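These notes concern the structure reproduced below.
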Amino acid sequence: MDSRRRTVAELVAGRWDDHRPGLWFEGRALTHHEVAAGAAARAALLTELLPGAGAHIGVLLDNTPEYPLWLSAAALARAAVAGVNPTRRGPELARDILHTECRLLITEPSHLPLLRDLDLPGVRLLVTGTEEYDTLLAPYAGAEPDASRAAPDDRLLLYFTSGSTGVPKAALCSQGRLAAAGRSLADQFRLGPDGVHYICMPMFHGNAVIADWAPALAAGAGVALRRRFSASGFLTDVRAYGATYFTYVGRAIQYVLGTEEREDDRDNPLRLGFGTEAGAVDAAAFERRFGVRLVEGYGSSEGGAAIQWTPGTPRGAVGRAGPGLVVLDRERGVECPPARFDAAGRLLNGDEAIGELVNKAPNPFEGYWRNAEAEAERRRDGWYWTGDLFYRDRDGYLYFAGRTDDRIRVDGENLAAAMIENILARYEGADAVAVYAVPDPVTGDQVMATLAGTFDPVTFADFLEAQPDLGTKMAPRFVRVVRRMPVTATNKIDRARLRKEGVGCTGPVWWRPPGEKAYRRADLMRANAEGPPLSRRP
């Protein structure tokens, strides 16, 4: 059968009678066969509770074995899983469960306080690790996985994308798309049945399921679960489980690099890490310290566009543009010209080169659940608009420049927030950096940076002056200093919060007046009714 039209149910059933170790968690191990049997039992229970195909179940769990077991069970039962974010609270949490029309919610005792006093009409609760739960499952202990009824077009996932521009949207993913994505990554990275995939990113997020669990399923590899990400436990887990592959998002790599170095850090079985937002500086530091190459990839959460890294990709680029991928000027709808760089690698024509990445080719985007407006925004003119900014060089390589929300326009010039962040990350005192736009009092934007770590205004100004690839308009007008960078539940920097708080935030904020090199304390100046103008003209 064509691998592109396979189902996840087939992959689950294919592990029946495979008695190799297949799933590790907190000192316990299950064989592939035991995982398939557990999935079959839960699928039988699910079919009894919610007869017929197409039911939605919510999964509010940490990364325990129950999570992949219920994903597998849903595939066998032709149901769909909505990954519920345990960092959501109150009405927002209830909204996620009710919006995705979950008739059954799988959770664990530690998460029951989150559900207290929530109005969830028509939602039945199953609590794992309880006597009642074990009693419900017991009659189905002898079930065998049957994938014959599942179809590639069966909906399997409803996973929430970022809510930075409104309430989170539930993106759809079918069995066929998830199986194909797993096979594609397994082939791309030559992942085989001898590997162990370490899943430390939360499984309610697409990264862990699509880029880590699905390739393991497609390759017949084992899976090792971490209940919640732990930087201090990362290397210990990798060694204990013999992990060969892992995925990451957001600041996870920075957290691992922040742990105490040891002489034997390179003594580990890892072969590859795959993810986003590590940045060139941290990726190089990770490889030097642990001897493990990180591959920075790009794929929209919804599946509408992807860029593959290949050998020969220039430093800082994500990969070469494939068929149909173009960088468009959003306002004019025309393709942006190639980027031009000076000898130091500075982008010279950001104003015209930076645009939105658009996929004009057929793509597997399957829409959002009950959100026609958001779906139409993605599918404009028959194309898929990613909402991400890029620029491309003359050889067709693409460089990430941030989200469309992160567009910074200074004195009529478009700047790439991601490029500025990579430069500021070299500052010795920076543990983490976020760059974003704040309003200019006259027109356009000013550059603001939030820096987690130690900050000295004199050394920072000297550092900026010494960077050959820092353009004249890139230097931050404002620098906010924090002890710890605010992050989302998936360890991504919470840029929406930073933008919202802007220059009027609490805590130390440094300001560099126009035409000057030195930074001054803007927050103290404001307290004395002095300081920079902070609001737009009417």
Single residue of Ala74, Ala36 found to be touching a Pro at 6+ places or on another chain (Cβ under 8 Å) and buried (at least 17 other Cβ atoms within 10 Å of the Cβ): Ala36
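What do you reckon, is Thr247 among the polar types (S, T, N, Q) and without any contact (Cβ under 8 Å) to a residue 24 or more places away in the chain?
no
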Could you look through region 1-27, keep only residues that are within 30 Å of the chain's Cα centre (by Cα) and at pLDDT below 95, and pick out the one that is nearest to Ala180 (Cα to Cα)? Arg4
Pro202 surrounded by fewer than 24 Cβ atoms within 10 Å (Cβ to Cβ) and assigned by TED's automatic domain parsing to the domain that holds Val81: no
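Conditions tested, residue by residue: (1) more than 18 Å from Asp282 (Cα to Cα); (2) within 16 Å of the chain's Cα centre (by Cα).
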residue: Arg177; (1), (2): yes, no
residue: His205; (1), (2): yes, yes
residue: Arg228; (1), (2): yes, yes
residue: Leu235; (1), (2): no, no
residue: Ala252; (1), (2): no, yes
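Just the residues that are over 16 Å from Ala317 (Cα atoms) and either at pLDDT below 90 or of a type in the set (Asp, Glu) (or both), please, taken from region 381-402.
Residues of region 381-402 over 16 Å from Ala317 (Cα atoms): 381-387.
Selection gives Asp381, Gly382, Gly387.
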Selection from region 454-479 of residues in a loop (DSSP other than H, G, I, E, B) and of a type outside the set (D, E, K, R) yields Thr454, Phe455, Gln467, Pro468, Leu470, Gly471, Thr472, Met474, Ala475, Pro476
What residue, of Thr130, Thr161, is in contact with a helix residue (DSSP H, G or I) (Cβ under 9 Å, 6 or more places away or on another chain), in contact (Cβ under 8 Å) with a residue 40 or more places away in the chain and closer than 30 Å to Phe234 by Cα? Thr161
Please find, within region 374-394, the residue that is nearest to Val447 (Cα to Cα) out of those that are among the acidic types (Asp, Glu) and in a helix (DSSP H, G or I). Glu377
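Which residues, counting only those in region 277-317, are β-branched (Val, Ile, Thr), in contact (Cβ under 8 Å) with a residue 60 or more places away in the chain and closer than 30 Å to Ser232 by Cβ? First the steps, then the outcome.
From region 277-317, those β-branched (Val, Ile, Thr) are 281, 292, 295, 307, 310, 313; that's our starting set.
Now drop any that are not in contact (Cβ under 8 Å) with a residue 60 or more places away in the chain, which leaves 281, 295, 307, 313.
Passing the criteria: Val281, Val295.
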Within region 440-467, take every residue that is crowded, with 16+ Cβ neighbours inside 10 Å and over 18 Å from Val482 (Cβ atoms) and give me the one that is modelled with the lowest pLDDT. Asp440
Given the conditions (1) assigned to a helix (DSSP H, G or I); (2) at pLDDT 95 or above, which single one is not true for Pro91? (2)
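Quick check on this structure: which one of Glu335, Glu352, Glu377, Glu366 is in contact with a Cys (Cβ under 7 Å, 6 or more places away or on another chain), outside the structural domain of Leu158 (by TED's automatic domain parsing) and surrounded by fewer than 17 Cβ atoms within 10 Å (Cβ to Cβ)?
Details: Glu335 fails: in contact with a Cys (Cβ under 7 Å, 6 or more places away or on another chain); Glu377 fails: in contact with a Cys (Cβ under 7 Å, 6 or more places away or on another chain); Glu366 fails: surrounded by fewer than 17 Cβ atoms within 10 Å (Cβ to Cβ).
Matching residue, one of Glu335, Glu352, Glu377, Glu366: Glu352.
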Neighbours by Cβ (under 8 Å, 6+ apart or cross-chain): first from region 321-333, closer than 21 Å to Trp309 by Cα; second among the hydroxyl-bearing types (Ser, Thr, Tyr): Ala321/Tyr397; Val327/Tyr391
Just give me the residues in region 322-373 being part of a loop (DSSP other than H, G, I, E, B), aliphatic (A, V, I, L, M) and closer than 30 Å to Asp154 by Cα, in sequence order. Ala361
Search region 186-195 for residues being surrounded by 22 or more Cβ atoms within 10 Å (Cβ to Cβ) and either of a type in the set (Gly, Ala, Ser) or modelled with pLDDT under 95 (or both), and hand back the single one that is farthest from Arg78 (Cα to Cα). Gly195
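Just for region 85-107: of the residues that are over 10 Å from Ile57 (Cα atoms) and in contact with a helix residue (DSSP H, G or I) (Cβ under 8 Å, 6 or more places away or on another chain), which one is surrounded by the most Cβ atoms within 10 Å (Cβ to Cβ)? Talk me through it step by step, then tell me what you get.
First pass over region 85-107, keeping only residues over 10 Å from Ile57 (Cα atoms): 85-96, 98-99, 107.
Filter once more, so that each one left must be in contact with a helix residue (DSSP H, G or I) (Cβ under 8 Å, 6 or more places away or on another chain): 85-86, 88-89, 93, 107.
Working: Asn85: 20, Pro86: 19, Arg88: 20, Arg89: 11, Leu93: 20, Thr107: 22.
Across region 85-107, the extreme among qualifying residues is Thr107.
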Restricting attention to region 40-86, report how many residues are part of a strand (DSSP E or B) and within 19 Å of the chain's Cα centre (by Cα). 5
Which condition from (1) small (Gly, Ala, Ser); (2) at pLDDT 95 or above; (3) touching a helix residue (DSSP H, G or I) at 6+ places or on another chain (Cβ under 6 Å) is the one that Ala181 breaks? (2)
Within region 380-408, restricting to residues that are without any contact (Cβ under 8 Å) to a residue 40 or more places away in the chain and either closer than 19 Å to Trp309 by Cα or surrounded by fewer than 20 Cβ atoms within 10 Å (Cβ to Cβ) (or both), the one that is farthest from the chain's Cα centre (by Cα) is Gly382
Looking across region 290-321 at residues that are over 17 Å from the mean Cα position of the chain (by Cα) and in a strand (DSSP E or B), the single one that is surrounded by the fewest Cβ atoms within 10 Å (Cβ to Cβ) is Arg293
Take the residues in region 128-152 that are of a type in the set (Ser, Thr, Tyr) and assigned to a helix (DSSP H, G or I); name whichever of them is surrounded by the most Cβ atoms within 10 Å (Cβ to Cβ). Tyr140
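The values are calculated or read from the model by the stated rules, or taken from the named source; none is laboratory data. In this text, all values refer to a predicted model and were calculated from it rather than measured experimentally. Note that each Cβ is placed from the backbone with ideal geometry, even for glycine, and that neighbours are counted across all protein chains shown.
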